[in-house]
Amino acid sequence: APLLRLEGVTKVFGGATTALDGMSLAVRDGEFLSLLGPSGCGKSTALRLIAGLSQPTRGRIRWREGAEAALGVVFQEPTLAPWSTVFDNVWLPLRLRGVGRGVARAQVEESLASVGLEGFAKAYPRELSGGMKMRVSIARAMVTRPKLLLMDEPFAALDEITRFKLNDDVLALQARLGCTVVFVTHSVFESVFLSGRVVVMAARPGRVVEEIAVEAPARRD
Ligand code: ADP
Ligand code: ADP
């Protein structure tokens, strides 16, 4: 069975804006899937529904038994706590699960290393570049070893060179950890470079218009 399935999911805001209209989609284990489409086509809405941050107006999202517990989310804004060190920011999801600092240390350090930030545990977010803040944000999302990583235009605010570097790093991370990724982007290049499957969406109302398998990815394998 797929990891999760959207079944005819419709989201209407304020009884007026149909952000998503009957979206159906199966997300398979271990795949890198991107949602590609212009601004306003409902990509973020779909991701927020998958994350459980909002509820469908109609239709439903079905998770394979037990799978929904393991979820990491990365947004465009790194949303780091400015008064906390890099270590404490990455520790947070474990801390919320009752894992103390000492016990969490190895996991936090491993997660930082996996995004190339070994040695930055004591730094504060303001000391870091935009790309590095995004890396911290990814380390924080990965520290609990989620089965599914949701990314909402994570690199859109970064310069192109940093973005290419992060694209490579996210692929390497996914290959190593074997997690499933759903990646929202409006960049055709990014979606084709990163994913094995591109789900193309259109706006007004937001819907899926095509699914494209990327046969010869420019990446991995
Ligand atoms: P995308 O991520 O593809 O840019 P969104 O999912 O953010 O698209 O938005 C889809 C549509 O739903 C847009 O018309 C947007 O303005 C609208 N929308 C999104 N969130 C809300 C909300 N909380 N309240 C009202 N309208 C919303
Ligand atoms: P994105 O950058 O992903 O397209 P937006 O900047 O459109 O997202 O939206 C950011 C936040 O504002 C989201 O939480 C979204 O749900 C909300 N939002 C978007 N459009 C509207 C809207 N028309 N009315 C109210 N809230 C909205």
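The values are calculated or read from the model by the stated rules, or taken from the named source; none is laboratory data. The structure presented is a predicted model; accordingly, all values stated were derived computationally and were not measured. Note: ideal-geometry Cβ built from the backbone for every residue, glycine included; neighbour counts use all protein chains shown. These accessible areas exclude ligands, DNA and RNA; they are computed on the full protein's heavy atoms, side chains included. Shrake-Rupley method; radii C 1.70, N 1.55, O 1.52, S 1.80 Å.
Here are the numbers:
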| quantity | calculated |
| --- | --- |
| Subset of region 168-186 (residues that are surrounded by fewer than 17 Cβ atoms within 10 Å (Cβ to Cβ) and at pLDDT 95 or above) | none |
| Residue 198 vs. criteria away from ligand 2 (no atom under 16 Å from the Cβ), open to solvent by less than 40 Å² (accessible area, probe 1.4 Å), among the β-branched types (Val, Ile, Thr) and on the phi < 0 side of the Ramachandran plot | yes |
| Some residue of region 150-167 being away from ligand 1 (no atom under 16 Å from the Cβ), touching a residue at least 60 places away in the same chain (Cβ under 8 Å), of a type in the set (A, V, I, L, M) and surrounded by 15 or more Cβ atoms within 10 Å (Cβ to Cβ) | no |
| Entirely in region 103-203, the helices (runs of 4 or more DSSP H) that have 2 or more residues that are within 19 Å of residue 89 (Cβ to Cβ) and over 17 Å from the mean Cα position of the chain (by Cα) | none |
| Number of the condition not met by residue 110 [criteria: (1) within 15 Å of ligand 1 (Cβ to nearest atom); (2) closer than 23 Å to residue 171 by Cβ; (3) out of contact with any strand residue (DSSP E or B) (no Cβ under 7 Å at 6 or more places or on another chain)] | (1) |
| Selection within region 9-34 - among the charged types (D, E, K, R) and either assigned to a strand (DSSP E or B) or surrounded by fewer than 16 Cβ atoms within 10 Å (Cβ to Cβ) (or both) | 11, 21, 28, 29 |
| Flag if residue 60 is assigned to a strand (DSSP E or B), open to solvent by 20 Å² or more (accessible area, probe 1.4 Å) and either within 27 Å of residue 196 (Cα to Cα) or not aromatic (Phe, Trp, Tyr) (or both) | yes |
| Criterion (within 14 Å of ligand 1 (Cβ to nearest atom), in contact with a Leu (Cβ under 8 Å, 6 or more places away or on another chain) and among the hydroxyl-bearing types (Ser, Thr, Tyr)) met by exactly one of 57, 17, 45 | 45 |
| Subset of region 61-85 [aliphatic (A, V, I, L, M) and at pLDDT 90 or above] | 61, 71, 73, 74, 80, 81 |
| Tabulated pairs, region 77-91, first under 18 Å from residue 144 (Cα atoms) and touching a residue at least 24 places away in the same chain (Cβ under 8 Å), second in a loop (DSSP other than H, G, I, E, B) and hydrophobic (A, V, I, L, M, F, W, C), C-beta under 6 angstrom, 6+ apart or interchain | 86/120; 86/121; 86/123; 87/121; 89/80; 89/81; 90/143 |
| Some residue of region 35-45 being out of contact with any strand residue (DSSP E or B) (no Cβ under 8 Å at 6 or more places or on another chain), part of a strand (DSSP E or B) and under 30 Å from residue 207 (Cβ atoms) | no |
| Cβ-Cβ under 7 Å pairs, at least 6 apart or on other chains, region 9-21 side of a type in the set (Asp, Glu), far side in a strand (DSSP E or B) and open to solvent by 20 Å² or more (accessible area, probe 1.4 Å) | 21/207 |
